[in-house]
Amino acid sequence: MIVVSNPVDVVTYAALKILGLPPSRVLGSGTVLDSSRLRSLIAQHCGVAVQSVHAYIVGEHGDSEIPLWSSATVGAVPVLGWNDPRLPALTAAGRNEMLRQVVDSGYQILRGKGYTNYAIALATARIIEAVLYDEHQVLPVSSLLTGYAGLGDVCLSVPSVVGRAGLLRVLPVPLSAEERDGLHRSARAVRTVLGRLGLVQVIETNPGSHLARTP
């Protein structure tokens, strides 16, 4: 089952609990589109084809999503080490602006025509192709995390291998301390909504805990 409806991480979690399917068979469109938009912006800035850019947005598909700058590359060059004298440097301010554009793009489209359809349709088709043709494609789909970066019982997007059997595995991408903290903040944002809907009961005895119980 591929979930596209927003809020996609919450709906993916609900579908998983209601349908009782194995976690590997329930995927959300997650941050596939967000990651594509980020790669496009990086490609434009660096003057290269988008196919030469490898970068991911992870976490919630929404305001708390985070880019994995520490593992992003242009060709074999780390984005954080980009230093081409013929092109502008990719500064921290520039990276923050790219993230702002990625997060705001959906809102801009909604304000312009009242709905979004084409871009998310392309992203969803990409996921379907990976399943249909058993491509073992790495895509940041939303799925149930169990122990990833210390997180559990929440659906978030992380780079994952997708094929005919659904989610084949998640990739243990190295995270900086800032990225790890951001992923945990994103998990809390999603879990807050799940708690309001009665889908999880957040453990209050340990404020530092990011685990939850399913009623």
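The values are calculated or read from the model by the stated rules, or taken from the named source; none is laboratory data. Small disclaimer: the values here were computed from a predicted structure and weren't measured. Glycine gets a Cβ as well: all are built from the backbone with ideal geometry, and neighbour counts include every protein chain shown. Side chains included, ligands, DNA and RNA excluded: accessible areas come from the protein's heavy atoms. Shrake-Rupley method; radii C 1.70, N 1.55, O 1.52, S 1.80 Å.
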- Lys, Arg +1 and Asp, Glu -1 on Cβ, resulting dipole of the stretch 5-127 about Cα centre, debye, nearest 20: 260 debye
- Under unit Cβ charges (Lys, Arg +1; Asp, Glu -1), what dipole magnitude, rounded to 20 debye, does the chain have relative to its Cα centre? 260 debye
- Item | Lys/Arg +1, Asp/Glu -1 at C-beta; the stretch 22-91 dipole; positive extreme among Asn83, Gln51, Ser40 | Gln51
- Note on the structure: Rounded to the nearest 10 degrees, the helix 118-132 long axis (Cα) sits at an angle to the longest Cα principal axis of the chain of 70 degrees
- Query: In a GNM of the chain with a 10 Å cut-off on Cα contacts, which of Ser70, Ser52, Ser142 has the highest mean-square fluctuation?
  - Reply: Ser52
- Message: Taking θ = phi - 60°, what integer Hz values does the Karplus form 6.51 cos²θ - 1.76 cosθ + 1.60 yield along the stretch 88-96, in sequence order, with x for Gly and Pro?
- Response: x, 5, 8, 7, 4, 5, x, 5, 5
- Message: Rolling a 1.4 Å sphere over the protein heavy atoms, what is the accessible area per residue of the chain, to the nearest Å²?
- Response: 51 Å²
- Message: Rounded to the nearest percent, how much of the accessible area of the chain (1.4 Å probe, protein heavy atoms only) is carbon and sulfur?
- Response: 57 percent
- Message: Please compute the length gained on full extension between Ile128 and Tyr107, using 0.36 nm multiplied by the number of residues separating them and subtracting their Cα-Cα distance.
- Response: 5.0 nm
